[in-house]
Amino acid sequence: MILGIILLFPVMLTGQEMPLKVVKEPKKHSVGRAAIFSAALPGLGQAYNKKYWKIPIIYAGFGVLTYFVISNNSEYVQFKEAYLYVSNGDSSYTDNPYVGKYDQSQLNEAMKFYRRNRDLSIIIGGLWYAINILEAYVDAHFFDYDISEDLSMRISPATIALPMPVAPAQPAPGIRVSFKF
């Protein structure tokens, strides 16, 4: 009798509900983020790309360029001061070492030389900054790139179907070359 009741009135039997496992996709390495990090702080994009060995090279480049900007600017300022002193015919005491050493035209040429070198060092510094960003951007593209050890070439005979203008395609012998990389 109980069996008859169970068969006539189906009962929903449910087990314990299992939570769904959410499989997260691995986070894709962002090329834009690497470029923005490197623009915000040079070398930070390289750190994001896990290429820590490049950071000292970047800062060494900035250090060298900063040295050239500062040294060329100080020489420019000294030559400019000496040029103005000589061109104004000032006879008061000055501690500038270039005043009695060079004439007015030489002081003017040296002043232009150091100003040009200072400006060029600043421009190269800007290019170095842009290269830093570009390098982080390009390196981020290769972050997930699979470099396989299997680099091979295979040559095998093949049959090639040559299309004929009037007749159906005719098979012809050929060679198939395939590269795996």
*Full-stretch length increase - L151, K112 - with 0.36 nm per residue and alpha-carbon distance subtracted*: 8.4 nm
*Give or take rounding to whole Å, what are the principal axis extents of the alpha carbon atoms in the stretch 107-152, in descending order?*
65, 21, 7
*Could you tell me how many degrees, from 0 to 90 and to the nearest 10, lie between the Cα long axis of helix 104-141 and the main elongation axis, the longest principal axis, of the Cα atoms of the chain?*
10 degrees
*Which ³J(HN,Hα) values in Hz, rounded to whole numbers, follow from the phi angles of the stretch 46-52 under the Karplus curve 6.51 cos²θ - 1.76 cosθ + 1.60, where θ = phi - 60° and Gly and Pro get x?*
5, 5, 4, 7, 6, 10, 5
*Taking the chain as a Gaussian network, where each spring joins two C-alpha atoms under 10 Å apart, which residue of L41, L134, L162 fluctuates the most?*
L162
*What is the order of K21, K51, fewest Cβ neighbours within 10 Å to most?*
K21, K51
*Okay, helix-only estimate at 222 nm for the chain: each DSSP H run of n ≥ 4 adds -39500 (n - 2.57), divide by all residues, round to 500 deg cm²/dmol; what do you get?*
-17500 deg cm²/dmol
*Do you know the relative contact order of the stretch 18-87, to the nearest whole percent, from alpha carbon pairs under 8 angstrom that are 6+ apart?*
15 percent
*Quick one: check the C-alpha center-to-center distance for the stretch 135-181 versus the stretch 67-112, whole angstrom.*
68 Å
*Could you work out how far helix 55-87 tilts from the main Cα principal axis of the chain, as a 0 to 90 degree angle to the nearest 10?*
20 degrees
*Taking amide H positions as placed in the peptide plane 1.01 Å from N, state which residues far from A158 in sequence (5 or more) or on other chains have amide H under 5 Å from it.*
G174, I175, R176
*Mind jotting down the three principal axis lengths of the stretch 116-181 based on Cα atoms? Whole angstrom, largest first.*
74, 34, 18
_With equal scatterers on the alpha carbons only and no solvent term, can you work out the Debye log10 of I(q)/I(0) for the stretch 14-111 at 0.13, 0.17, 0.21 1/Å?_
-0.70, -0.82, -1.01
*asked:* Students often get this wrong, so try it: which of (1) 1, 6, 8, 7, 6, 6, 6, 6, 6, 6, 6, 5, 5, 5, 4, 3, 3, 2, 2, 1, 1, 1, 1, 1, 0, 0; (2) 1, 9, 18, 22, 22, 16, 8, 3, 1, 0, 0; (3) 1, 7, 15, 19, 20, 16, 10, 5, 3, 2, 1, 0, 0 is P(r) over Cα pairs in 5 Å bins from 0, in percent as calculated from the structure shown?
replied: (1)
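None of the figures in this text is laboratory data; all of them are computed from the coordinates on show. All values derive from a computational prediction rather than experimental measurement. Don't worry about glycine lacking a Cβ; one is built from the backbone with ideal geometry, like all the others, and counts go over all protein chains shown.
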